[in-house]
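Here the structure is laid out as structure tokens; the discussion comes afterwards.
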Amino acid sequence: ARIHAAVRKNCVLIYISFPICNLPSLAPENGMGRPFKQYLSGPRIYSCATCRAHAADHDDIISKAFQGRHGRAYLINNAVNVTLGPKEERVLITGLHTVADIYCTSCNTVLGWKYEHAFEESQKYKEGKYIIEKAKVLKEGNW
């Protein structure tokens, strides 16, 4: 196995490549293997409170005025090191939405959810955005 690192805007990607004989390559076109874990390089990072895997950059926050299942939550543009659960319709404070829970890829803790679809026109701005619950993350960096 070989370990590679790539630097992108505010993010360091770590890849692990494994030689596979007689199978088509599943690696991205840049020749690197599957992403293992993303490390954000911004000065203020939110990490999973259970395993400390990076989850979001403070600069991606759209609003801090949201409510999650466990209290205050942040609406953010992008989350890393998360996987999506199944889509489901939920009636939230602002109406009916199709959402998918987001899980930390390292420890499977539910960190929040992703808005897949908003049924009310005034809520469409949330589509494709994430909710990260404050109780599920730690602050790391220069606060």
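Computed values, structure above
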quantity	calculated
Per-residue HN-Hα couplings for the range 102-118 [Karplus 6.51, -1.76, 1.60; θ = phi - 60°; Hz; x = Gly/Pro]	10, 10, 4, 6, 8, 10, 6, 5, 6, 9, x, 8, 10, 7, 8, 8, 10
Per-residue ³J(HN,Hα) for the range 128-141, Karplus 6.51 cos²θ - 1.76 cosθ + 1.60, θ = phi - 60°, Hz, x for Gly and Pro	x, 9, 10, 10, 10, 7, 4, 5, 9, 10, 10, 8, 10, x
Potential extension, Glu140-Ser122 segment - 0.36 nm per residue separation minus Cα distance	3.1 nm
Point-to-point label distance, Asn77-Arg90, nm (Cα→Cβ direction, 7 Å offset)	2.4 nm
Stretch gain in nm, segment Thr98-Lys64, where the contour uses 0.36 nm per residue and the Cα spacing is subtracted	10.2 nm
Nonlocal amide H pairs with Ala56, under 5 Å, H built at 1.01 Å	Tyr46, Val80
Theoretical gain in end-to-end length, Arg52 to Lys37 [0.36 nm per residue, Cα-Cα removed]	4.2 nm
Residue-count net charge about Cys48 - beta-carbon cut-off 15 Å; Lys, Arg +1, Asp, Glu -1	+1
Amide H contacts under 5 Å for Gln38, placed H, 5+ residues apart	Asn81
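Every number in this text was worked out from the coordinates using simple rules, so none of it is lab data. Just so it is clear, the model here is predicted, and its values are computed rather than measured. Backbone-built Cβ (ideal geometry, glycine too); neighbour counts: all protein chains shown.
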